[in-house]
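The values are calculated or read from the model by the stated rules, or taken from the named source; none is laboratory data. Bear in mind the structure is a predicted one, so any value in this text is a computation, not a measurement. Heads up, the Cβs are rebuilt from the backbone with ideal geometry, glycines too, and the neighbour counts pull from every protein chain shown.
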C-alpha cells in the first residue's frame, strides 16, 4: 500500500469514522440516561402504590373512632382514588399527590381529637408505616429528579443536543410538589400512652 493511499485512509477515518463513533456514543449515553429516568420513575410509582395500599386501612381505623367525620374520610378516599388513577405526566401526578397529602394532614389533625384512636395499636402501626413510606417517596423523588436533571442537561448541551434533536429525545419532567407546605412529609408520629 502506497503512502498516499495510507494518508487518504487516515483522513477518511478521521473525517467519517471518528465522528460516527462519537455520535453513536452520545446516542447510547442519551438512551442510558432516558432509561435511568424511567427506572427511577418506577421506584416512585412503587412507593406511591405502597402509600395507596396503606390509606384504606388507616381510613377504616379512623372510621371506627370518628365515624361521624365522614366528610374528611370521604375526601381522603376520593383523593387517594384520584391519585391511584393518575397516570399522566409527573407534573399532573404531583398535583394529585398534593391533594392526597393535604387530605392525610386533615385526617391526622382529626385524629388529634380522639385520644383512644391515638392510642390504638393498629393506628400507631399504620402511622409508622405511612411515615416510613413518605420518607421513601421523598428519597425516590430526589433520585428521580437528579436523573431527570442529568438527562435534560445532556439533551440541551452541545454537541449532544444535535443527536437528541435528530433522534427525537424529549425533555423529561421533574416530579415537584408545588406547595412549600406540602413539601414536608405529613407528621404522623404520636406518642404512645404510658
### Query
Within the set of pairs 6+ apart or on separate chains, which have a first residue in the range 50-79 that is touching a residue at least 60 places away in the same chain (Cβ under 8 Å), a second that is surrounded by fewer than 20 Cβ atoms within 10 Å (Cβ to Cβ) and outside any helix (DSSP H, G or I), and C-beta atoms under 7 Å apart?
61/120
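Being under 24 Å from residue 29 (Cα atoms) and either in contact (Cβ under 8 Å) with a residue 40 or more places away in the chain or surrounded by fewer than 17 Cβ atoms within 10 Å (Cβ to Cβ) (or both) narrows it down to one residue among 115, 90; which is it? So that I can check it myself, show each step before the final result.
Numbers: 115 fails: under 24 Å from residue 29 (Cα atoms).
Of the residues listed, the single one that is under 24 Å from residue 29 (Cα atoms) and either in contact (Cβ under 8 Å) with a residue 40 or more places away in the chain or surrounded by fewer than 17 Cβ atoms within 10 Å (Cβ to Cβ) (or both) is 90.
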### Task
Could you tell me which numbered condition residue 97 fails, if it satisfies all but one of (1) surrounded by fewer than 19 Cβ atoms within 10 Å (Cβ to Cβ); (2) touching a residue at least 12 places away in the same chain (Cβ under 8 Å)?
(1)
### Query
When residue 151 is evaluated against the numbered criteria (1) in a loop (DSSP other than H, G, I, E, B); (2) closer than 14 Å to residue 26 by Cα, which criterion, by number, is the only one it fails?
(1)
### Query
Which numbered condition trips up residue 130, out of (1) surrounded by 15 or more Cβ atoms within 10 Å (Cβ to Cβ); (2) assigned to a loop (DSSP other than H, G, I, E, B)?
(2)
### Query
Does any residue of the range 101-112 turn out to be touching a residue at least 40 places away in the same chain (Cβ under 8 Å), within 29 Å of residue 38 (Cβ to Cβ) and within 16 Å of the chain's Cα centre (by Cα)?
yes
### Task
Evaluate the following for residue 9: is it within 30 Å of residue 156 (Cα to Cα), over 32 Å from the mean Cα position of the chain (by Cα) and free of Cβ contacts under 8 Å to residues at least 40 places away in the same chain?
no
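Yes or no: residue 24 within 30 Å of residue 158 (Cα to Cα), over 20 Å from the mean Cα position of the chain (by Cα) and modelled with pLDDT of 90 or more?
Numbers: within 30 Å of residue 158 (Cα to Cα): yes; over 20 Å from the mean Cα position of the chain (by Cα): yes; modelled with pLDDT of 90 or more: yes.
Yes: the conditions hold for residue 24.
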### Test: residue in the range 161-170 that is modelled with pLDDT under 90, buried (at least 18 other Cβ atoms within 10 Å of the Cβ) and assigned to a helix (DSSP H, G or I)
no
### Task
Quick one: in the range 23-49, of everything that is in contact (Cβ under 8 Å) with a residue 40 or more places away in the chain and within 18 Å of residue 166 (Cα to Cα), which residue is surrounded by the most Cβ atoms within 10 Å (Cβ to Cβ)?
33
### Task
List every residue pair whose Cβ atoms sit under 8 Å apart, with the two residues 6 or more apart in sequence or on different chains, where the first one lies in the range 157-169 and is in contact (Cβ under 8 Å) with a residue 24 or more places away in the chain and the second, anywhere, is in a loop (DSSP other than H, G, I, E, B).
163/169
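Suppose the filter is surrounded by fewer than 19 Cβ atoms within 10 Å (Cβ to Cβ), on the phi < 0 side of the Ramachandran plot and assigned to a helix (DSSP H, G or I); does residue 143 pass it?
yes
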